[in-house]
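Encoded as structure tokens, the structure appears first; notes follow it.
The values are calculated or read from the model by the stated rules, or taken from the named source; none is laboratory data. Keep in mind that what you see is a predicted model, and the values were worked out from it rather than measured. A quick note on method: Cβ atoms are made from the backbone with ideal geometry, for glycine too, and the neighbour counts reach across all protein chains shown. The accessibility values were calculated without ligands, DNA or RNA, using every heavy atom of the protein model including side chains. Shrake-Rupley method; radii C 1.70, N 1.55, O 1.52, S 1.80 Å.
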Amino acid sequence: MHHQTESNGKLSRDLGIPSLFSIATGAMISSGLFVLPALAYTVAGPGVVFSYLIAAFLTIPTMLSKAELATAMPRAGGTYYFIDRSLGPLAGTLSGVAAWFSLSVKTAFAFVGLGIFMEFLSPGINGRLFAMISCAIFTAVNLRGAGHAGKTQIVLVAGLLVSLTLFAGLGLTNLSPANFRPIAPGGFNGILAGAALVFVAFGGLTKVTSVSEEVKNPGRDLPVSMFLALTVVTILYFVSVLICVGVLDPSVLSQTGMPISEAASVIAGKTGLTIMSIAAVLAFLSTANAGILASARFPFAMSRDHLLPAGLSGISRKKGVPWVSIVLTGVIIILLLLLDFTHLVKLASTMMLILFMFVNISLIVMRESRIHTYKPEFKSPGYPWIQLLGIAGMLVLLAKLGQSALTASLFVIVGGTIWYFIYTRKRAQREYALLHLTARVFPRELGRTGLVKELAQVLRDRDHITEDRFDDLVSEAVILDIEKAIDMKEFFRMASDNLEGSLCLESNEIDRLLLERENDSSTALRKGLAIPHIIVPGPGKFSVLLARCREGVDFGGENSPVRMIFVLAGSMDERTFHLRALMAIAEITSSPDFDSNWLKCRNIDELRDLVLLTKRRRLE
């Protein structure tokens with residue numbers, strides 16, 4: 001498999017739907033299922049099954065927002081990149097540090113769980129040492145490339161899903177209705193508190209967006225894989241927790257650290273206990289693998305944007321992976337394994353909720369900024385109400401996590417802010433969508449800004465656009481933006497004046513040729529579109545002129561008024577390219593919504609980008 005090298009600074013595109021589904025699923029099914037149900041039960045009682053459903057429901061707005069942002073901006077870093085480009089470098093620095101930290105803690109927690117279960121399965125094993133060695137092994141796997149890590153993830157998740165499906169099939173026939181009374185001893189507040197506690201179980205869903213730059217077809221694969229993962233995992237969570245509540249005595253469920261395994265022992269004895277403990281190990285392995293894969297992309301993306309030292313953006317020449325960031329993330333996770341995780345996991349949950357709020361805010365800012373090069377292949381339905389619902393839901397859950405977690409998060413935010421002013425501020429001078437939104441409220445001309453150009457390049461990378469000669473001509477072409485209605489002859493005079501320099505031909509001669517061509521047959525090919533094209537004397541000549549007339553040019557006939565005009569002028573030896581250029585224009589102007597987008601463009605730069613970035617077959 002081909003990999004991009006460090007010299008061109010691009011990551012290899014190895015990941016498809018199976019790998020992405022496995023990354024998202026594996027990132028969710030671990031401690032959220034094998035440990036947290038017992039803890040949440042002490043808060044919500046049997047209503048914990050509804051806590052999981054509420055947490056899943058509140059994940060949907062962020063999933064939709066991230067799916068849209070990731071298909072518009074498939075770049076390494078995911079959450080960090082979206083927030084940085086929408087809200088600015090300070091927010092980007094804070095979100096990047098928070099996302100890196102919370103994912104690293106969640107990954108380390110998976111390794112801790114792995115060690116606990118391995119100690120149960122093999123009492124002679126030192127669980128903490130086993131966790132550290134496993135972290136080193138999975139770091140090495142990720143150094144081989146995202147494709148290898150993704151394939152490993154598929155194997156792990158497949159084994160996990162088979163085990164949980166068997167558990168569900170056997171467990172649903174052994175439920176005790178008495179265990180569900182009363183369903184909510186702590187009332188709805190208890191169920192909400194339980195949702196806040198288990199929300200972290202769904203945090204891994206959107207983790208796949210951090211590897212979006214390594215996805216084969218992000219426009220299709222990212223949203224599809226996230227939708228599938230959320231559906232499958234929500235069903236598994238609900239059924240599995242339902243079985244735990246239904247088969248375990250309340251006193252046992254509230255005390256155990258291995259609720260799924262304990263439930264399996266009630267259903268199938270020691271064999272069930274062993275099988276589900278092995279499934280738990282698979283879950284922790286899959287979460288750990290997905291965690292390293294995703295969390296290592298945050299420092300890489302931040303380094304590439306000058307928010308962290310440049311050395312962290314190093315890419316392996318042989319494998320095309322961000323090896324420095326992977327190694328650093330692996331080392332940090334190993335160090336975290338030495339710490340107490342009770343408060344760290346709660347902090348990770350708090351940071352995740354804050355990040356999810358910022359993601360929904362970022363989508364609103366990107367949409368409302370109306371940057372014309374922001375072109376997601378997937379658009380969130382229900383905008384903006386579903387995003388506002390998500391923000392409100394996150395605030396409710398944050399309030400349920402307690403003062404200590406919020407205070408600890410404040411320390412992280414303050415530390416990130418200090419780093420921004422000490423290191424990042426002077427190095428990360430770029431524009432962001434919030435500036436464009438501000439410009440709409442307090443009008444000022446931003447022109448073709450750095451962010452617009454960056455998003456245009458993102459589109460080229462996403463759609464695999466390799467610029468051809470027609471693109472080069474459009475990039476250099478004169479574009480006329482005419483406000484008032486004019487007749488065809490006046491337009492031809494304007495076009496001739498602007499083409500005489502590039503064609504080395506007097507404007508009167510160009511005007512004559514345009515009129516003669518029009519007298520032969522109308523170049524107004526359909527309603528609103530004209531493509532005047534002429535042959536000019538001399539070898540090696542070809543020029544393009546684009547024009548928009550908001551009120552229309554009168555070409556006569558049923559296709560007037562014409563608002564989109566592409567003028568082609570070339571010498572006889574360029575007749576083959578002349579035909580190819582006509583085909584390119586026909587394909588561009590026949591794309592969905594091109595006519596309306598042409599009229600919506602706010603300036604000449606947007607008109608040019610619309611032509612350059614509309615999908616078409618490139619000329620050889």
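Helical runs assigned H by DSSP (4 residues or longer) give the chain a calculated mean residue ellipticity at 222 nm of -21000 deg cm²/dmol, each run adding -39500 (n - 2.57) before division by the residue total.
Distance distribution note for segment 470-557: the fraction of Cα pairs above 19 angstrom is 38%.
May I ask you to give the solvent-accessible area per residue for segment 509-579, in square angstrom, as obtained with a 1.4 angstrom probe? Write down the numbers at each step before the final one.
Numbers: 2940 Å² over 71 residues.
Roughly 41 Å² per residue, with all protein chains present.
If R0 is 51 Å, what FRET efficiency do you get for Val162 and Phe577 from their C-beta distance, rounded to 0.05?
Numbers: r = 58 Å, r/R0 = 1.14.
The computed FRET efficiency comes out at 0.30.
Distance from the C-alpha centroid of segment 334-412 to that of segment 568-620: 41 Å, rounded to the whole angstrom. Model label sites at Ser122 and Leu175, defined 7 Å from Cα along the beta-carbon direction, differ in position by 3.8 nm. Amide H contacts of Arg563: Gly528, Leu529, Val553, each under 5 Å away and 5 or more positions distant or on a separate chain (H built 1.01 Å from N in the peptide plane; Pro and chain starts excluded). With respect to the cross-link table entries Lys453/Lys489; Lys66/Lys484; Lys375/Lys541; Lys66/Lys106; Lys400/Lys426, which display a Cα-Cα separation exceeding 30 Å? Going by Cα-Cα distance, Lys453/Lys489; Lys66/Lys484; Lys375/Lys541; Lys400/Lys426 fall outside the 30 Å limit. The mean sequence distance of close C-alpha pairs (under 8 Å, at least 6 residues apart), as a share of the length of the chain, puts its relative contact order at 20 percent. Between the amide H of His533 and those of Leu568, distances stay under 5 Å, these residues lying 5 or more places away or on another chain, with hydrogens modeled in the peptide plane. In order along segment 37-42, phi translates into HN-Hα couplings of x, 5, 5, 5, 5, 5 Hz, rounded to whole numbers, per the Karplus curve 6.51 cos²θ - 1.76 cosθ + 1.60 with θ = phi - 60° and x for Gly and Pro.
The Cα trace of the chain gives Rg and Dmax of 29.1, 95 Å, the first to one decimal, the second as a whole number.
Where the only charges are on Cβ atoms (+1 Lys, Arg; -1 Asp, Glu), what is the dipole of the chain about its Cα centre, to the nearest 20 debye?
1640
Between the beta carbons of Thr271 and Asp481, assuming R0 = 56 Å, the FRET efficiency works out to 0.15 to the nearest 0.05. Each of Ala408, Thr329, Leu339 was placed along the dipole of segment 318-415 (beta-carbon charges, centred on the mean Cα), and the one lying farthest toward the positive end is Thr329.
Counting only alpha carbon atoms, the long axis of helix 218-247 and the longest principal axis of the chain meet at about 20°.
If each residue of separation counts as 0.36 nm, what is the full-extension length gain between Lys426 and Gln403 once their alpha-carbon separation is subtracted?
Extra length from Lys426 to Gln403 when fully extended: 4.8 nm.
For segment 186-240, taking Cα atoms only, Rg and Dmax work out to 14.6, 47 Å respectively. For Leu480, the amide hydrogen comes within under 5 Å of the amide hydrogens of Leu546, Ala547, Arg548, counting only partners 5 or more places away or on other chains and with H modelled in the peptide plane. For segment 40-180, the Kirkwood hydrodynamic radius comes to 19.0 Å, computed from all pairs of different C-alpha atoms. Does anyone have the angle between helix 89-121 and the longest principal axis of the chain? Alpha-carbon axes, 0 to 90°, nearest 10? Around 40 degrees separate the two axes.
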